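This report refers to the structure that appears directly beneath it.
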Amino acid sequence: MKHPPETHLNILSVAERLFSEIGFEKTTIADIARELRMSPANVYRFYAAKAEINEAVGRRLLGLTEAVGDSIVESSEPAREKLRALLAGMEAANEQRFISDRKLHDLLERAFSENWTIARAHIQKLTKQLREIISQGNRDGVFAVGDCERAATIMRSASIRFWHPHHLAEGAQEPEPTLDDMVDFCLAAFAHGAPAPNASNLDCADPAAQRDKTAAS
């Protein structure tokens, strides 16, 4: 039997509000059920464990940031500006959540510290977004990157203090290098410090497609 999607959404909406008010660790299934005027057993019909609700709420929060990133990737802006905007947007979202909704930020901090599935998926998503922008820079002739996947991973790692919830507080204690410093360094490397790609490899946004092409040759 398929559960109505609105019931799932109602459970998550209530859970997110309670997480924001009293914290995800203190919120119980009984609390959520009480707010929904349901029995705890009924909540368990939709989510087998409280951990599933934790991850689902976290997924919703991260999804909002990812959607903004997707809009930047799909925009008509130059690749250099997209890279800066993508990471600046993630930094702003983290800072806003940290300041205005610390208890929800605590949920994401735990997710990344304990390597939850949603954290791994978010890191993969960020890498994909960076890779697609770097590939665009290759096509536009402003970057000379031979391995976009590796370049994206390097930039993701270099910018970790700006997008990783767990490192946000630590980074606040050390204001330098700034986001602009880090982005400028990476942009210079992408333009001049990497081997120029072959003419047949200007678009390296999809490493799987590259592997298939290599295998076929």
Each residue of region 49-61 in turn: what ³J(HN,Hα) in whole Hz from Karplus with 6.51, -1.76, 1.60 and θ = phi - 60°, glycine and Pro shown as x? 7, 4, 4, 5, 5, 4, 5, 5, 5, x, 4, 5, 5
If amide H atoms are modeled at 1.01 Å from N in the peptide plane, then the residues at a separation of 5 or more from Gly146, or on another chain, having amide H under 5 Å from its own are none
The summed charge of the Ser76 Cβ neighbourhood (under 12 Å; Lys/Arg +1, Asp/Glu -1) stands at -3
For the peptides 174-182, 28-36, 160-168, what is the packing order when you average, over each peptide's residues, the other Cβ atoms within 10 Å and list the highest mean first? 160-168, 28-36, 174-182
Quantify how much of the Cα-Cα distance distribution of region 1-48 extends past 14 Å, in percent. 45 percent
Applying a 10 Å radius around every beta-carbon, put 48-56, 149-157 in order of their mean neighbour count, most first. 149-157, 48-56
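Values in this text are rule-based calculations from the coordinates and carry no lab data. Everything quoted here is computed from the prediction, not taken from an experiment. Note that we place each Cβ from the backbone using ideal geometry, even for glycine, and neighbour counts take in every protein chain shown.
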